[in-house]
Amino acid sequence: MEKNLCIGCTVNNCEYHAQTENYCTLDKIDVGTHEKNPTKVECTDCNSFVCKSEACK
Ligand code: SF4
């Protein structure tokens, strides 16, 4: 899969991570939150994340 230079990402446990470089390979991602009132970076989530099969066993 081709890296998307517009989406940097370090979550290499994700199925869509480029692996050799810190980019996502999707054309578009959905970012959301699990909080009612998000105030910090850790309140945000990549909702396009899919756990890589080897990492999820
Ligand atoms: S889908 Fe989200 S978590 Fe997965 S590689 Fe792309 S930006 Fe990172």
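We did not get these values from a lab; they are worked out from the coordinates using the rules stated. A quick note: this is a predicted structure, and the numbers were derived from the prediction, not measured. Heads up, the Cβs are rebuilt from the backbone with ideal geometry, glycines too, and the neighbour counts pull from every protein chain shown.
Each of Asn13, Val50, Thr39 was scored by the projection of its Cα onto the charge dipole of the stretch 2-50, and the greatest displacement toward the positive side belongs to Thr39; charges sit on the C-beta of Lys, Arg, Asp and Glu. When Val11, Val31 are arranged by Cβ crowding within 10 Å, least crowded first, meaning fewest neighbours, the order is Val31, Val11.
Extension gain for Asn37 to Glu15 (0.36 nm times residue separation, less C-alpha to C-alpha distance): 5.0 nm.
In angstrom, the C-alpha Rg and Dmax of the chain are 12.2, 35.
If R0 equals 22 Å, the separation of the Cβ atoms of Ala55 and Glu2 corresponds to a calculated FRET efficiency of about 0.55.
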